[in-house]
1. Could you tell me which trypsin sites (Lys or Arg not before Pro) in the range 179-262 are loop residues by DSSP with no more than 11 other beta carbons within 10 angstrom of their beta carbon?
2. LEU326: net charge of surrounding residues, Cβ under 11 Å, Lys/Arg +1, Asp/Glu -1, itself excluded?
3. For the chain, how many pairs of lysine residues have a Cα-Cα distance under 28 Å, where the two are 8 or more positions apart or belong to different chains?
4. With axes computed from alpha carbons, what is the tilt in degrees of helix 24-43 against the longest principal axis of the chain, rounded to the nearest 10 within 0 to 90?
5. Any chance you could list P(r) for the range 97-239, counting all Cα-Cα pairs in 5 angstrom bins from zero, rounded to whole %?
6. SER130 to LYS253: FRET efficiency via 1/(1 + (r/R0)^6), r the Cβ-Cβ distance, R0 56 Å, to the nearest 0.05?
7. Got a sec to turn the phi values of the range 267-284 into Karplus ³J(HN,Hα) couplings, 6.51 cos²θ - 1.76 cosθ + 1.60 with θ = phi - 60°, whole Hz, x for Gly and Pro?
8. Cβ under 11 Å from MET211's Cβ, MET211 left aside: what net charge do those residues give with Lys, Arg +1 and Asp, Glu -1?
Amino acid sequence: MGFCGKNIELAAQLLYEAERDPGPRGRRLHELGATIIDSFAETLPMSPPVGDGFDLFTGKVAPAVWSVGQQFIRTVAEPMRDLMDAYRREQALGTEHPEWLRWAQDFSDWLVTQQRPDGSFPRSWNPGTSEVANPDGSATYAAPPILVATYQEMGGEAPSAGNAERYLAAAVRAGESLWATAGTRGRFQGGAVDASSVSVKVDGEAGYLSMRAFLALYEATQHPKWLERAKVAADFTESWVWIWNVPMPADAKLDEIHWKPGVSTIGLSSITVASRGSVHVYLSWAAPMYVQLYEYTKDEHYLDVARVLLHGIDPMLELPGRSYGLFLGPGWVQEHWGMSENRGYGQPGKWLPWLATVRLHAIMGIEQQDPSLLEQLVK
């Protein structure tokens, strides 16, 4: 449902696209999106989380191959925030999904019981239990966005909010912990949960997830310190983005190399400190957040970063009339490439849903904030 599978956000994107099309195609997209979310809500209890995926053929919970028997906070908390965004859009259009809200609230209710005295959260648990598997607090960035969304949905500023205040209080405490342990050092880590399932690595994904956490807290509280902290996370995150063209080996065989000579490498992002030149486009998820930072700060540098990440989603993607001879057809692309060791080569047979979802997110996320800015940035 999250991280590499990204099926909850994929479903939200289908619902968003359905809004544009009142015809049979739109109705079909809406049915698909709602059914995807329903399938997870019906299969995976969230208090505590039994898992974040299931086998399409049997319906049984199926952990990711890299999960080493753990249930990570990120792989549930991040898509739960995407779910809440979809719930709100559907509600605004007159369609109620109380079962989605209950599912997300079940998780938030359980999550607040897992917060530690210093405000942090464990990195992972044994699936289906509240037994901590990895106590490391590096993934505390995952909690504030869903807790803020639950707070807003369950009462927000209204006098009748009552119990909803505990979600915001927990989110603030998590944000303070995240800042004290990672932000003050400029060292965000453990975002790429597959690479950090055994030992935690510093990476750009942790930066953008921390940026998301601080922005959620700023929007909920309007306290300027959260905006300043979001800027620190944003500055860290952009340092992982490549802004130059890497030449491919001069003796590369065009029919074998995976990154074709002459294709721009600008906008790719390094994966972790341990990957030695391995790149992907995962940080393009942050493009809409850089637009948010621009709108809050009026610092055009953040708009420049958004532009680089937005345009960086396109290279090596198969398009109609633009084939690289590596893929089945338009819409396909491989997960990552080497730009240092094994330069220009990667895993052409490996595709995961996030490769489609990140590209749509960069476009749709900016469009949802400001369509005129999207028009400006795509030029």
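Read-outs throughout are calculated quantities, based only on the coordinates presented, and are distinct from any laboratory measurement. Owing to the predicted nature of the structure, the values given are computational and were not obtained by experimental measurement. Note that each Cβ is placed from the backbone with ideal geometry, even for glycine, and that neighbours are counted across all protein chains shown.
1. For trypsin sites (Lys or Arg not before Pro) across the range 179-262 that sit outside H, G, I, E and B with at most 11 neighbouring Cβ atoms in 10 Å, the list reads LYS253.
2. -2
3. 16
4. 60 degrees
5. Bins of 5 Å from zero give 2, 11, 20, 22, 20, 14, 8, 3, 0 percent of pairs.
6. So the FRET efficiency works out to roughly 0.55.
7. Listing the rounded values in order: x, 5, 9, 5, 8, 9, 5, 8, 8, 6, x, 6, 10, 8, 10, 4, 6, 5 Hz.
8. 0
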